[in-house]
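J.: Before I ask anything, let me first share the structure, which is written out below as structure tokens.
The values are calculated or read from the model by the stated rules, or taken from the named source; none is laboratory data. What you are looking at is a predicted structure, and each value in this text was computed from that prediction instead of being measured. All Cβ positions, glycine included, derive from the backbone under ideal geometry; neighbour counts span all protein chains shown. These area figures cover heavy atoms from the full protein model, side chains too; ligands, DNA and RNA do not enter into them. Shrake-Rupley method; radii C 1.70, N 1.55, O 1.52, S 1.80 Å.
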Amino acid sequence: MRDLEEKQVDAILVDAVCALAARFSTHPMLTGKGDQQKEDGTETPKIPPSEHGQAFAQRAKSAISDAFPCPSVAVVQAALLLAYDEFGASRDSGLWMYLGIAIRMAQDLGMQSVGGLKYEGRKGPTPNSIKSDPDGGRHAEQPIVQESHGTSAEEQEQRAAERERLDTFWSIFFLDRVISSGTGRPVTLRDRDIEISFPSLDEVDSSGWPLPYPALIRIIHLYGRVTDLLNRIRSADDITADLQKQLGAWEDRLTGIYQNLSPKLHFNAVNFQQYVKINQGTNFLLLHCWFHTLIVLLHQPTLLRTFEGTPQSLSTNSRELSMSSAKTVADILAFTELIDVKTGIGNPFTRYDHATSSIMKLHANQTLVNRYILPHVPSSKKPHFIQHHRSLSLVLLALVEMARMGKRSLLTILSTV
């Protein structure tokens, strides 16, 4: 904020921020709702929200290539924001490309390494160490102590600069893991190349409440490893005993992370309202939605790929656990609409969580039909019934996928079915 007041913020970053913020603006210059009329007397057409900030976005995009010879943290941040802008405009490939630019620049700057870091990012487990540490590296973490007294202005400045680099890197890491799911794309940032430690689970807000972002990053890290496994599934034969063993190990790790969280990070009305109050509602929502989405995918590894026969699952109670988590995601998102609608609106990846839970419910519906309804359908009518029900299921799945890709809101689509 000081840099902004002193007009020291890079212009490309200002344009990227405005490109995203403009879609939430009601200013007539951006929405097209002004008094301007065409020469024939007709009103100027309303501009969709995704187009409100395109003037800013185009200016930032044109400046990206000029920054290639001399990348900076600000340009990395701008590229990351432009990736989100592309996603918000339903340009999935644009999202992938601009994220790629952000990743390459971050690696060029060495943001994944401890070189140049003096105070931050050196204590605690790294993504690669989690693989061999059954405790997830929790014992290696050092409590975060806010040291505002007895530190020089120079040290505080250095800590702030290091924290900005680390926060930027983990934001890139988050998006890299999330968009690899369901697309077949491999994650780009490999665990073995990341030297910096995870954000500490002991970080707290100024009010004393634990921050949800460190736990979210741990869950997203596991999510990346799980989706790398799931993306290799091409047929039912790929669901081997070794794969299920790996998925079981990741489920144990995921459950361990959640069980070790502070009770303040568990989802309930009081906690959610507190995190909304301290402007952490979005991260709190993501933490729980991705946790339950990962539970669904761990127990139903073929959920996003339809094979003939019975879908493979992790254990005998996988269906019940998956349905419970799917229902929880839907309940959380519905609850969000009541408490703080902005938490969901400004959160693009809740659509994927809701889509996953909806697909799970559709699979459950198919199972119920096959088990309890189909046996009672007369033989002469079974072919027609099967074809009709399968077509309906495919239509619903297509609608869910369309919502996941950002074409329309899933709730809007399903309300018309």
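J.: For the stretch 277-300, which positions are assigned to a helix (DSSP H, G or I) and over 18 Å from the mean Cα position of the chain (by Cα)?
T.: Correct list: 277, 299.
J.: Could you list, in sequence order, the residues of the stretch 203-239 that are assigned to a helix (DSSP H, G or I), open to solvent by 20 Å² or more (accessible area, probe 1.4 Å) and modelled with pLDDT of 85 or more?
T.: 213, 225
J.: Next question. Residue 328 - would you say it is under 30 Å from residue 204 (Cα atoms), open to solvent by 20 Å² or more (accessible area, probe 1.4 Å) and either modelled with pLDDT under 85 or in a loop (DSSP other than H, G, I, E, B) (or both)?
T.: Yes, satisfied.
J.: Give the residues of the stretch 151-200 that are of a type in the set (S, T, N, Q) and loosely packed, with under 15 Cβ neighbours inside 10 Å, sorted by residue number.
T.: Once the filter is applied, which keeps residues that are of a type in the set (S, T, N, Q) and loosely packed, with under 15 Cβ neighbours inside 10 Å, the stretch 151-200 yields 151, 152, 156, 183.
J.: Quick one: residue 96 ticks every box in (1) among the hydrophobic types (A, V, I, L, M, F, W, C); (2) surrounded by 20 or more Cβ atoms within 10 Å (Cβ to Cβ); (3) within 22 Å of the chain's Cα centre (by Cα) bar one, so which box is it?
T.: (2)
J.: Can I ask one more? Please find, among 242, 252, the residue that is without any contact (Cβ under 8 Å) to a residue 24 or more places away in the chain, outside any loop (DSSP other than H, G, I, E, B) and farther than 21 Å from residue 292 by Cα.
T.: One residue alone meets the criteria, 242.
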